[in-house]
Amino acid sequence: MSGLKRRTVLKLSLAAPFVSLSAGVARADAPAMGASFARHRRFTLGGFEVTTLLAGTTSRDTPQGIFGTNVSAEDFAEVSAANFLSTDATQFYFTPVVVNTGAELVLFDTGLNPAGITAALAEAGYTPDQVDIVVLTHMHGDHIGGLSGADGVTFPNARYVTGRAEFDHWDMSGNEGFEGKVRPLADTMTFLDPDQDVATGITSVAAYGHTPGHMGYHLESEGARLMLFADLANHPVWSLAHPDWEVRFDMDKEMAAASRRRVLDMIAADRIPAVGYHMPFPALGFVETAGDGFRWVPEQGQLMG
Ligand SMILES: [Zn+2]
């Protein structure tokens, strides 16, 4: 009761000089601000701190131009409707991950441009000059775009790690993005084969097909495990639930489907959490086998501890 009384007194004393406003005390008209959500999600993994970073998100029209290019429009529409998905447009997410191992700050992929990744890092409490290692899962523009821009390199103190097969592929391609963003950093790059360590507890996992040297990364600290599967599966339903549906961005479609089945099988069997670069933000979840494919099970607080 005394609390109520105090509030009443406070309200009266504030309102008294502004009697004409008393009907709307402390209630400014709130402006409409548009859709919004946080750009980072941090959790602990043993002795590591792992943060997913939303470096960008965009809408794309006609998703069957990207996913399920080898199935009929009817099948695509039926699966989409069953999963509450529009066949007119889809939302794309670009989610690099930064891991503080206690010894080093390791960033996996860099988004579309420097502005997106630096804004997400800033919201998560990091500055680009704190990044010690940048790991590139593969060399598509939405993963290498943040490496540099008009202001030069984005991560001035970083060294770089990527797959040997991936670098060798793009090295021969004459690709503009590679030449502009990756080639200038090649002198400070370490090249990995599958099953090699970036740092203690961070190991490369072959996931070829999306690109010739595309790799995911397995994290393990104090017995806690996490799989970063990058672009192995780029949509929770159209790709992960239907691993044989062809994806326009997969350079070798048959190999990409085989990799999806192999790596997702491992994640499902081991019941470990996973981050997918293009999964709906915060891009964190679990994988279970379902029918002839897999089901993406978004994290629901299991990693909050
Ligand atoms: Zn991608």
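The values are calculated or read from the model by the stated rules, or taken from the named source; none is laboratory data. None of these values were measured; they are calculated from a predicted model. Neighbour counts are summed over all protein chains in view; Cβ atoms, including those assigned to glycine, are modelled from backbone coordinates with ideal geometry. The accessibility values were calculated without ligands, DNA or RNA, using every heavy atom of the protein model including side chains. Shrake-Rupley method; radii C 1.70, N 1.55, O 1.52, S 1.80 Å.
Here are some notes:
- Its alpha carbons give the chain an Rg and a Dmax of 22.9, 77 Å.
- Only one residue of Leu112, Ala124, Phe191 has its Cα farthest out toward the positive end of the dipole of the chain, where Lys and Arg carry +1 and Asp and Glu -1 on Cβ, and that residue is Ala124.
- In terms of its C-alpha gyration tensor, region 81-187 has an oblate overall shape, because the principal axis ratio a/c (a ≥ b ≥ c, square roots of the eigenvalues) is not below 1.5 and a/b does not outweigh b/c.
- In plain terms, the chain is cut at each of the chymotrypsin sites (Phe, Trp or Tyr not before Pro) found in a DSSP loop with at most 13 other Cβ atoms within 10 Å, and the longest leftover piece is 85-305.
- Cβ-based charge dipole, the chain, positive-most Cα from Phe43, Pro31, Met279: Pro31
- Given charges at beta-carbon only (K, R positive; D, E negative), |dipole| of region 107-197 in Debye: 180 debye
- Percent carbon-and-sulfur accessible area, the chain, ignoring ligands, DNA and RNA, probe 1.4 Å: 54 percent
- Short-range pairs are left out: with C-alpha atoms under 8 Å and at least six residues apart, the relative contact order of region 94-173 is 30 percent.
- DSSP bridge orientation in the chain - percent antiparallel, rounded to nearest 5: 75 percent
- Net charge dipole size for the chain [Lys, Arg +1 and Asp, Glu -1 on Cβ; Debye, nearest 20]: 1880 debye
- For the chain, relative contact order (Cα pairs under 8 Å, six or more residues apart, normalised by length) works out to 16 percent.
- For region 202-208, the Karplus equation 6.51 cos²θ - 1.76 cosθ + 1.60, evaluated at θ = phi - 60°, returns couplings of 10, 10, 6, 10, 4, 8, 6 Hz by residue, with Gly and Pro reported as x.
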